[in-house]
Structure formats: structure tokens, C-alpha cells
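Below: one structure, written as C-alpha cells.
Readers should treat all values here as calculations from the given coordinates under stated rules, not as data from a laboratory. Values in this document were obtained by computation on a predicted structure and should not be read as measured data. Note that we place each Cβ from the backbone using ideal geometry, even for glycine, and neighbour counts take in every protein chain shown.
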Amino acid sequence: MPAPTPSTLHQQLRLATKEPHHALDHHPLMARLLAPDVSRDEYGDALAAMHGIYATTEAALLTYLARSPELFDYASRRKLPALEADLAALGRQAVAVTVPLPAIDGTGALFGMLYTLEGATLGGQFIAARLRQQGAGDLPMQFYTVYGEQVRPRWLAFLENAEQRCPSAEYPSAVATAVALFEGISRHLDTCRQP
């Protein structure tokens, strides 16, 4: 499936989140996932930290979408069950979020949060491939491969849906929410780092 020309919303989100996205990718807890000597414990640390993020954001998404189901079908895209299965396979406990994350107060905020989470799923394919290349393919990776071969089509479908359903007046809210979520995830990871 060819990539569509980025929408104005997609362009605004990508541009606004470039720095916080880069900071998150290079956060010590996440950067270790791409290191050739990543350990099972380091992998577990990252997944345990991400659990709190997904537990909080998915609950907010599902609550909002229960009132406006026509906006997006997130129920079929949930990542939390896959993340919990990986944590169970690793014998790890989840880490709760102790920092504030953005709320969904409208359509823009909804799509800003979805942009961050769906983009992370797209990036998860890269992490899974890198782990396999490094010989860590025995790690449980349901979370990073949750969409399987459908990751790119699902990403493109999300972008198309966002373009159709998010009014341009809501773009600033989408951008603010996406940036705030990236920054909130980074702050949460800071609280999870081992001394």
C-alpha cells in the first residue's frame, strides 16, 4: 500500500512531536532496547514501565470512545493484553504511572493521543526486528508485534481516519495532546529508572 501524502494534521503532529519523540527514543530506558547487549532484565524494565502508560491511556481512550464510537475503533487495537502477556512471560510486575498524562477532552485530544500510541506501535516493529537481529528473538514480543503484518496498513488507516474525523479547528488540541503525552511518557520513564 503506497504511503499517502501527509495530511495537514499528520504534518503538524509529526513536526510538533519531533523533539519529544526523539527524546523518548533516546531515553536510557528505551535506548537500551536497541543495544546489542540488551539484557532480559532491561527489556523487562522497559515493558514494566510502559504498562502504566498503556493502562492509563487505553482506559481514557475506551471511556471517551464509548460516548463517541463513530470516531475510531480502538477496542480492536488494544495493546495492553499483549503487554500483560509479555510481562507475565518475563515474570515481571507492572509499574504504575505517577506523573500526570493528558486527558481526552475532545476530538483533537483523542487523535493526539491515538497518534502517539499508534505511532509507537509502528515503531515497535523496528524494535522487534532489531531485537531479533541481535539474537534476542526468544524474548516475548507480543506487545511490539501486536499488529503483525498489518502494522503499516493499520497505521495508514489510522491516519486516514484522523484526517476524516478530526476537524481542523481541533488540530491545536491534537498537537498539544500528542506533545504532552510524549513528554509525560518521558517523565514517567525517569521515575522508573534504576538508581
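Highest mean first, the peptides 41-54, 130-143 sorted by other C-beta atoms within 10 Å per residue fall in the order 41-54, 130-143.
Relative contact order, whole percent, for segment 59-195 stands at 38, derived from Cα pairs under 8 Å and 6 or more residues apart. In the set (1) 46, 38, 30; (2) 60, 41, 33; (3) 84, 35, 30, the label that goes with Cα extents along the principal axes in Å computed for this structure is (1). If one computes the Cα centroid of segment 28-66 and of segment 106-138, what distance in Å separates the two points? If you average the Cα positions of each part, the centres end up 10 Å apart.
Charge tally around F182: other residues with Cβ under 15 Å, Lys/Arg +1 each, Asp/Glu -1 each, net -2.
Per-residue extension of 0.36 nm, minus the Cα-Cα distance of Q142 and R193, leaves a gain of 16.0 nm for this segment. Rounded to the nearest 500, the helix-only mean residue ellipticity at 222 nm of the chain stands at -21500 deg cm²/dmol, with each DSSP H run of n ≥ 4 adding -39,500 (n - 2.57). Neighbour counts of other Cβ atoms within 10 Å put K79, K18 in the fewest-to-most order K18, K79. The distance between label points at E19 and Q134 comes to 2.8 nm (points 7 Å beyond Cα on the Cα→Cβ vector).
Which residue, V95, I185, G112, has the largest displacement toward the positive end of the dipole of segment 47-195 when charges sit on each Cβ (Lys, Arg +1; Asp, Glu -1)? In segment 47-195, that residue is V95.
Evaluating 6.51 cos²θ - 1.76 cosθ + 1.60 at θ = phi - 60° for every residue in segment 160-174, the Karplus couplings come out as 5, 4, 4, 4, 6, 9, 9, x, 4, 5, 8, 4, x, 5, 4 Hz, glycine and proline recorded as x. A162: net charge of surrounding residues, Cβ under 11 Å, Lys/Arg +1, Asp/Glu -1, itself excluded? Once positives and negatives cancel, what remains is -3. Relative contact order for segment 54-139: 26 percent, from Cα pairs under 8 Å spaced at least 6 residues apart, divided by residue count. Taking Cβ atoms as reference points and 15 Å as the exclusive limit, the residues near S76 contribute a net charge of 0, counting Lys and Arg as +1 and Asp and Glu as -1.
Rounded to whole numbers, the Karplus 3J(HN,Hα) couplings from phi for segment 105-114 are 10, x, 4, x, 4, 4, 6, x, 5, 4 Hz, using 6.51 cos²θ - 1.76 cosθ + 1.60 with θ = phi - 60°, and x at Gly and Pro.
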